[in-house]
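Engineer: Here it is, the structure in full.
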Amino acid sequence: MITTSGLTKSFDLEGGSILALAPLDHRIEKGSFVSIVGPSGCGKSTFLRLIAGLEDASGGTVKLDTGSAKRPVGFVFQDAVLLPWKTVRDNIRFPLDTAGVRRDEGNRIVGELIDLVGLTGFEDALPKQLSGGMRQRAAIARALSDDPPILLMDEPFSAVDLLTRETLNDELLRIWQRTGKTILLVTHSVEEAAYLGSEVMVMSPRPGRLKKTYTVDLPHPRGEATKLDPAYHQLVAELRQDMRETE
Amino acid sequence: MLKRGIAGLVLIVALWGGGVFLFNVPDYLLPSPAAVMARMAFLYENANLLGHVYVTVMEIFWGFLLGFLAGILAALLFARFPVSERMSTPLILLLQTAPKIAIAPLLLLWLGLGPAPKIVLVAIVTFFPVMTGMLSGLRFVNKSYLDLARVLKLSPLQRFLHIELPSALPTLFAGATVATTLAMTAAVIGELMGANEGVGYLLSSGQENADTATVIGMVLLLSLMGWSFYELFEALRRRMEARFAEG
Ligand SMILES: Nc1ncnc2c1ncn2[C@@H]1O[C@H](COP(=O)(O)OP(=O)(O)O)[C@@H](O)[C@H]1O
Ligand SMILES: [Mg+2]
């Protein structure tokens, strides 16, 4: 469970400050899949970074109840952030190696993840030898490798081609259902938000704030049938309308 | 590139030889290339030329190693404890701005005519570019990598080994490459000021005896040594750049 109360963030700029996130009270149940949509600059990244502890709040609090987990969150950054001097394999196993996981155990996990994200054959490549989409897939595998209870994903699929994106969406749903992780995913695609989420947060800019939340009742497991479901189309239409209003 | 360089060298030697022959230049002004070669062969057979080269190379080797290690250690210290940098800045600037020609006699007074003062002088000039290269590498680590370190809750040692050190390698080796030419010059200055062995010693005794062929031979030999030393580190630098820099 993630609870924010009065969570707010402003950045000091020359000659003033900018309110990136107006006080936000929200509760995300353990095991939810929360999609976050909103125009750029509305504080989506700031929200994720506050939850991850990468920014200090200007006010209010974030509480994560992840028990004794040493690393409560995994983060998929918007631009992959692979270490350029490590191979794909070593990047993916980096969280495991630095947590002292045994080598053979690490190899097994990394092997499965490389298959999962479709990077078989590129294990020994360096990040600069990969396309943007492949880099993001490696970053997703890395974030999954040490199995954090909360997974924060900041536009993870923006550089991935459409077909791969759909495959990864379905994989992500499977992982979510199997592991019961709490996932927060920022996306520009309202279709993706509706398809994946058990909840959708719509944010709006100036100042960044939570405009609305939807609970998504579409049945699981989701698949091609979901995309034909009138309820899905209804939600997508509403989200699109919300996005227009926030412009 | 190399072929053109060799062609250029051949041309210069041809002009030199041709000029000396055509204008009948006296030996004490400018000996012919053949005379310089003959003089070198003579020194090789009768004056232990290779022994002198060895002495100079060893002075550079040990001095460079010392300065390199000291530069890295100082950068680590300064990066970790900024107050230590402020405290040592005056001393470092004093050493750095004092003309090396002026420090050399002092070192000779303290340490005698052997290799020791040359080694110290080489270490002093090597220290500064290596320290600044390493320090700027440590200071300008990509912020996203530090975010990753934070999400993974890396220990300071893990962060250093996996992120800061690799990030610093390109600028460290850029500094070391600059240091190679300074180190070469420092060793020769030390030998010119007072020595009884080394290439600089041969050079200054050539000057005392108005032996222009020896002086020119030693200048060429020193250029060759300095050039190889530089190229060695330039090659290392390029490898570091290729593997550890962004992109
Ligand atoms: N480090 C920062 N310094 C100053 N302003 C920032 C910083 N990070 C974000 N902002 C500002 O905060 C607002 C929200 O940014 P962000 O959370 O990145 O939005 P989004 O991810 O929704 O596009 C924007 O106006 C942005 O310019
Ligand atoms: Mg963003």
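Engineer: What does the average come to when, for each residue of peptide B:151-157, you count the partner chain Cβ atoms lying within 10 Å of its Cβ?
Structural biologist: Mean shielding by partner chains, rounded to a whole number: 6.
Engineer: Across peptide A:82-92, how many C-beta atoms of other chains are within 10 Å of each residue C-beta, on average?
Structural biologist: Mean partner-chain Cβ count within 10 Å for A:82-92: 3.
Engineer: Now a separate question. Let me know the mean shielding of A:63-73 by other chains, meaning the per-residue number of their Cβ atoms within 10 Å of its Cβ.
Structural biologist: That works out to 1 on average.
Engineer: Here's another thing I want to ask about it. Could you check how much of the accessible area of chain B is carbon and sulfur, as a whole percent, using a 1.4 Å probe? List each step's numbers first, then the result.
Structural biologist: Working: 9980 of 13800 Å².
Result for chain B: 72 percent of the exposed heavy-atom area is carbon or sulfur.
Engineer: What are the residues whose amide H is under 5 Å from the amide H of A:Met203, where those residues sit 5 or more places off or on another chain and H is modelled from the backbone?
Structural biologist: Under 5 Å from the amide H of A:Met203 lie the amide H atoms of A:Val37, A:Gly38, A:Lys211, each far enough along the sequence or on another chain.
Engineer: Still on this structure: Within the stretch A:84-147, what whole-number % of the accessible surface is contributed by carbon and sulfur, with the 1.4 Å probe and all protein chains included in the calculation? Please list the in-between numbers first.
Structural biologist: Values: 1220 of 2640 Å².
Carbon with sulfur: 46 percent of the solvent-accessible area.
Engineer: Checking an interface number: how much accessible area is buried between B and A, summed over both chains, with a 1.4 Å probe, in Å² rounded to 100?
Structural biologist: For B against A, buried area totals roughly 2000 Å².
Engineer: While we're here: What per residue convex hull volume, in Å³, do the alpha-carbon atoms of the stretch B:28-107 yield? Write down the numbers at each step before the final one.
Structural biologist: On the way: hull volume 12.3 nm³, N = 80.
Convex hull of Cα atoms, per residue: 154 Å³.
Engineer: Please sort by residue number the GluC sites (Glu not before Pro) in the stretch B:35-117 whose DSSP state is loop and whose Cβ has at most 16 other Cβ atoms within 10 Å.
Structural biologist: Sparse-neighbourhood loop GluC sites (Glu not before Pro): none present.
Engineer: Under a point spin-label approximation (7 Å from Cα along Cα-to-Cβ), what is the B:Asp27-B:Leu65 distance to one decimal in nm?
Structural biologist: 4.2
Engineer: Report, to one decimal in Å, the Kirkwood hydrodynamic radius for the protein assembly as shown based on all distinct Cα pairs.
Structural biologist: 27.6
Engineer: Sum -39500 (n - 2.57) across every DSSP H segment of at least 4 residues in chain A, then divide by the residue count to get the 222 nm mean residue ellipticity, nearest 500.
Structural biologist: So the helix-based figure for chain A works out to -11000 deg cm²/dmol.
Engineer: Going through the cross-link list A:Lys9/B:Lys153; A:Lys44/A:Lys211; A:Lys181/A:Lys212; A:Lys44/B:Lys153, which pairs have a Cα-Cα distance over 18 Å in this structure?
Structural biologist: Pairs exceeding 18 Å: A:Lys9/B:Lys153; A:Lys181/A:Lys212; A:Lys44/B:Lys153.
Engineer: Report the net charge of residues surrounding B:Leu107, where surrounding means a beta-carbon distance below 13 angstrom and charges are Lys +1, Arg +1, Asp -1, Glu -1.
Structural biologist: Values: positive: B:Lys100, B:Lys118; negative: B:Glu59, B:Glu191.
Spelling it out: positives minus negatives among the neighbours equals 0.
Engineer: How many percent of all Cα-Cα pairs in chain B sit more than 26 Å apart?
Structural biologist: Tail fraction, whole percent: 52.
Engineer: Taking the mean number of other Cβ atoms within 10 Å as a proxy for protection, how do you rank A:174-182, A:30-38, A:78-86 from highest to lowest?
Structural biologist: Result, highest mean first: A:30-38, A:78-86, A:174-182.
Engineer: Assuming 0.36 nm per residue, please report the length gained on full extension of the stretch A:Thr3 to A:Leu163 beyond their Cα-Cα distance.
Structural biologist: 54.1 nm
Engineer: Turning to a different aspect of this structure: So if I take the centroid of the Cα atoms in the stretch A:227-242 and the same for the stretch B:102-144, what is the distance between those two points in Å?
Structural biologist: 68
Engineer: Given the protein chains as shown and a 1.4 Å probe, how many square angstrom of A:Ser145 are accessible, to the nearest 10?
Structural biologist: 10
Engineer: For chain A, what's the radius of gyration and Dmax over Cα atoms, in angstrom?
Structural biologist: Reported Rg and Dmax, both Å: 18.1, 55.
The values are calculated or read from the model by the stated rules, or taken from the named source; none is laboratory data. Remember, predicted model here, so these are calculated numbers, not experimental data. As a convention, Cβ positions derive from the backbone with ideal geometry for all residues, glycine included, and neighbour counts pool all protein chains shown. What goes into the accessible areas is simple: the full protein's heavy atoms, side chains included, and nothing from ligands, DNA or RNA. Shrake-Rupley method; radii C 1.70, N 1.55, O 1.52, S 1.80 Å.
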